[in-house]
Structures are given as C-alpha cells and as structure tokens.
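Some notes on the structure that comes next.
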Amino acid sequence: MQASGDGFWELDLADGSAWFSDWFCTRLQGSRAVGRPAFHDLRPIMLPETWETLLRKLRSHLEERTPLDAEFQVQLAQGRSEWWHMRGSAQRTTVGIPTHFAGCVRDVTAVRAHSPPN
C-alpha cells in the first residue's frame, strides 16, 4: 500500500469503527486526532461546506448506490493545504444492506496546480 502513494480507509457501518492507513495518520498529525484517527477527525481539516458535501456523497452512495468520487481541499498542520481525490465503495449483504465502506484517497495537489482552469 505504501508504494501506491495513496491513503486507504475502511468504515465498519455496524459498529462505527474506522481504520485509516499510515498515509492519513501522518497527514493528521498536528490536528485534533490522537493515536489512530477516526472518521470524524477529518472534519476539522475541511471547510464546513466541504464536510457537508462529502457526507452527502457518502450517504448518496450508501442509499442510492451512486459512485463515491469526490475531490476536496483540506487544511493540514502548519497551514499546509492539499487537494484530495477520494473514491470508495460499500460492501453489501446479499439483500443489499451496506456493512462496510472502504476506499482510497490520493493527494492531487500537484495535478491541480498543472491543470488549466475550467
């Protein structure tokens, strides 16, 4: 996983527990996260409207099976800013109930810096 340069995450929807790869833990150092981060530890590094948009996209994927594909800016320690691209998918029971949610995040700051404006 380290060779990919991506961050990986998994949420257990039954008990609310989360796992984040070292990619996340390293970036969240200096934020309010203590030890291994939880999903809500992402909230302080996002603007409120970014957090709400991400939650809407997560809910949409879980309820309507729309693809989770989001790009957003985060504010890390020492005022450092990055753009992240997040993708993910829910694992479901045979009757379609989501049980786990997993995905990856990539830092796309450099890509955005070299892309022409829309």
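Go through the range 68-83 and give me each residue that's hydrophobic (A, V, I, L, M, F, W, C) and surrounded by 14 or more Cβ atoms within 10 Å (Cβ to Cβ). LEU68, ALA70, PHE72, VAL74, LEU76, TRP83 - these are the residues of the range 68-83 that are hydrophobic (A, V, I, L, M, F, W, C) and surrounded by 14 or more Cβ atoms within 10 Å (Cβ to Cβ).
Residue count for the range 59-83, restricted to those that are of a type outside the set (S, T, N, Q), under 21 Å from CYS25 (Cα atoms) and assigned to a helix (DSSP H, G or I): 2. Has the range 84-107 got at least one residue that is under 20 Å from LEU28 (Cβ atoms), open to solvent by 20 Å² or more (accessible area, probe 1.4 Å) and part of a helix (DSSP H, G or I)? No, the range 84-107 contains no residue that is under 20 Å from LEU28 (Cβ atoms), open to solvent by 20 Å² or more (accessible area, probe 1.4 Å) and part of a helix (DSSP H, G or I). Here are some conditions: (1) at positive phi; (2) touching an Asp or Glu at 6+ places or on another chain (Cβ under 6 Å). ARG65 meets all but one. Which one does it not meet? Result: ARG65 passes all but (2).
The values are calculated or read from the model by the stated rules, or taken from the named source; none is laboratory data. For clarity, every value in this text was computed on a predicted model and none was experimentally measured. All Cβ positions, glycine included, derive from the backbone under ideal geometry; neighbour counts span all protein chains shown. Note: accessible area is taken over every heavy atom of the protein model, side chains too, but ligands, DNA and RNA are not part of it. Shrake-Rupley method; radii C 1.70, N 1.55, O 1.52, S 1.80 Å.
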